[in-house]
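What follows is calculated from the coordinates using simple rules that are stated; it is not laboratory data. In this text, all values refer to a predicted model and were calculated from it rather than measured experimentally. A quick note on method: Cβ atoms are made from the backbone with ideal geometry, for glycine too, and the neighbour counts reach across all protein chains shown.
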Amino acid sequence: DRMQKRLAAHGATPSFAREAGGMVGALMKSVLDLARPEKAGRNARDAFATEHMEIASYELLARIAERAGDDETATAAREIIVEEQRMADRIAAGWDRFAELSLNEVGVTV
């Protein structure tokens, strides 16, 4: 994992790495929840928001790393931003379907 390597390069504590791992686990749960029909709209909203929170975090990290002269961490953060944006775009492509599923959940068909 890119960020774990960068953390190790800076002697970061394992607790921070575990926290980052927990965020990834929560994200994966959100992505899996998208496949379930119940609460589709809320699950999509939460996953979309999570992706953008991660993008914001990595944007900040990239800029801090640049200012600290740590080009490797800045590059790793920017690579992750691309991946996170790809996932957010994938979720966004499903908004019509999520709306339909949400309406179906309450008995409305369109």
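Looking at the range 60-94, which of its residues are surrounded by 15 or more Cβ atoms within 10 Å (Cβ to Cβ), more than 26 Å from Arg45 (Cβ to Cβ) and β-branched (Val, Ile, Thr)? Correct list: Thr73, Thr75.
Remark: pairs (first residue in the range 67-83, farther than 14 Å from Gln4 by Cα; second residue assigned to a helix (DSSP H, G or I) and of a type in the set (A, V, I, L, M); Cβ separation under 8 Å; 6+ apart in sequence or on different chains) = Asp71/Ala65; Arg78/Ala62; Ile81/Ile55; Ile81/Ala62.
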